[in-house]
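Peer 1: Mind having a look at this structure? Questions to follow.
The values are calculated or read from the model by the stated rules, or taken from the named source; none is laboratory data. Given the structure is predicted, the values throughout are model-derived calculations rather than measurements. Backbone-built Cβ (ideal geometry, glycine too); neighbour counts: all protein chains shown. Only protein heavy atoms, including side chains, enter the accessible area calculation; ligands, DNA and RNA are left aside. Shrake-Rupley method; radii C 1.70, N 1.55, O 1.52, S 1.80 Å.
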Amino acid sequence: MALWENLTMPGFETLRQQTQTVILPLGSLEEHGPHLPLGTDTFHAIEVARRVGLLRLVVVAPPLFYGLCRSTREHPGTVSISGDALRTLLMSVGRDFCRQGMRHLVFISGHAGGTHMSAILEAGEQLLAELPAVRVAVVNLLELLREVVAEQPDLVHTRGDSHAGEVETAIMMAAYPDLVRGTAPEEWPRFPKYELVRNKRHYWPGGVWGNPAPATAAQGEAILAAEAERLSLVINALEESGDR
């Protein structure tokens, strides 16, 4: 597995002759209930990227722990950056990935917030417009998981599970068990439809969206393995996309 930050200059120079694909793990520094660490989303992306790096030759870039967090920004521990900041950072890093010989850019995000993902997509589109040699894939790991569950419906028991619930608890139990602090009660946000609210914690006090109780480490291992396999297929398509 090739972690960009661990390579030497000659090592990177040799490696870029063998692969032009880089994975950038993205996430957030965001509350994940009383039982999971604030870095859960990023840890998820790191672990999937790491596993893909064991399946195929890619460069895994250092992760970005900061994202755009709207619904959880009033919860203790959440640090949110603006969409403009996220777009600017991804544009700058993407340009230098290309300058260093990386032509296939894969942005994977463990944080699935709509405004967060929109900023990543906009940055990817701008990179495509600016850099004709570049190909970009933007992967929302929640969406990737939905594709996995469509094929393996028994993999997740809680319908509508989303944040700090069964899936993320299982993933953390498998990949970072020392960071899991027990479990948490089942909870579902009660935000009003359409109306924007200032006191977001009032409508979502515990910060869990789903039910962590059924989660197991074996389940988390199965989810991570399936996500890595599916992301590897995405990379296959990206590398073979030509001028599309």
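Peer 1: Per residue of the stretch 91-105, what does 6.51 cos²θ - 1.76 cosθ + 1.60 with θ = phi - 60° give for ³J(HN,Hα)? Whole Hz please, x for Gly and Pro, Karplus curve as stated.
Peer 2: Each residue's phi maps through the Karplus curve to give 5, 5, 5, x, 4, 6, 4, 5, 4, 8, x, 8, 9, 10, 9 Hz.
Peer 1: Using volume of the Cα convex hull per residue in Å³ as the read-out, say which of [x] 130; [y] 148; [z] 252 was calculated from these coordinates.
Peer 2: So the calculated entry is the one marked [x].
Peer 1: With every protein chain kept in the model, how would you rank R95, R56, R70 by accessible area, 1.4 Å probe, largest at the top?
Peer 2: Final ranking, largest accessible area leading: R70, R95, R56.
Peer 1: Going by amide H atoms built from the backbone, whose H comes under 5 Å of the H on I81, apart from near neighbours?
Peer 2: For I81, the qualifying residues are G67, L68, C69.
Peer 1: Turning to a different aspect of this structure: In whole Hz, with x marking every Gly and Pro, tabulate ³J(HN,Hα) for the stretch 147-162 from phi via Karplus 6.51 cos²θ - 1.76 cosθ + 1.60, θ = phi - 60°.
Peer 2: Result, rounded to whole Hz: 5, 5, 5, 4, 8, 10, x, 7, 6, 10, 9, 8, 6, x, 4, 9.
Peer 1: Residues with amide H under 5 Å of W209's amide H, sequence separation 5 or more or different chain, H placed in the peptide plane at 1.01 Å from N; which?
Peer 2: Distant-sequence amide H within range of W209: S162, H163, A164, G165.
Peer 1: Follow-up question, since we're still on this one. Go ahead and estimate [θ] at 222 nm for the chain from helices alone: -39,500 (n - 2.57) per DSSP H run with n ≥ 4, summed, over the residue count, rounded to 500.
Peer 2: -13500 deg cm²/dmol
Peer 1: Now for a separate question. Apply the Karplus parameterisation 6.51 cos²θ - 1.76 cosθ + 1.60, with θ equal to phi minus 60°, to every residue of the stretch 19-36 and state each ³J(HN,Hα) to the nearest whole Hz, in sequence, with x for glycine and proline.
Peer 2: 8, 10, 10, 10, 10, 10, x, 10, x, 7, 10, 8, 4, 9, x, x, 10, 10
Peer 1: For a quick check: with amide H placed at 1.01 Å from N, whose amide H comes under 5 Å from V136's, ignoring anything fewer than 5 positions away on the same chain?
Peer 2: Distant-sequence amide H within range of V136: L105.
Peer 1: Shifting gears a bit: Tell me the accessible surface of Y176 in square angstrom (1.4 angstrom probe, heavy atoms of protein chains only), to the nearest ten.
Peer 2: Only protein atoms counted, so the area is about 50 Å².
Peer 1: Assigning unit charges at the beta carbon (Lys, Arg +1; Asp, Glu -1) and nothing else, what dipole magnitude in debye, to the nearest 20, does the stretch 1-95 show about its Cα centre?
Peer 2: 320
Peer 1: How much of L89 can a 1.4 Å solvent probe reach, expressed as accessible area in Å² and rounded to 10?
Peer 2: Counting only protein heavy atoms, the figure is 70 Å².
Peer 1: Same structure, new question: Count the DSSP beta bridges whose two residues both fall in the chain, then state the antiparallel fraction as a percent rounded to the nearest 5.
Peer 2: 15
Peer 1: Right, here's the next one. Using a 1.4 Å probe and counting only protein heavy atoms, arrange M91, M9 so the residue with the most accessible area comes first.
Peer 2: My answer, sorted largest first, is M9, M91.
Peer 1: Let me ask something else about it. Just to be sure I follow the definition: excluding the sites themselves, where is the longest run in the chain that has none of the GluC sites (Glu not before Pro) in a DSSP loop with at most 13 other Cβ atoms within 10 Å?
Peer 2: Longest run free of exposed loop sites: 1-194.
Peer 1: Still on this structure: Going from most exposed to least, what order do W188, W204, W4 have by accessible area with a 1.4 Å probe?
Peer 2: W188, W4, W204
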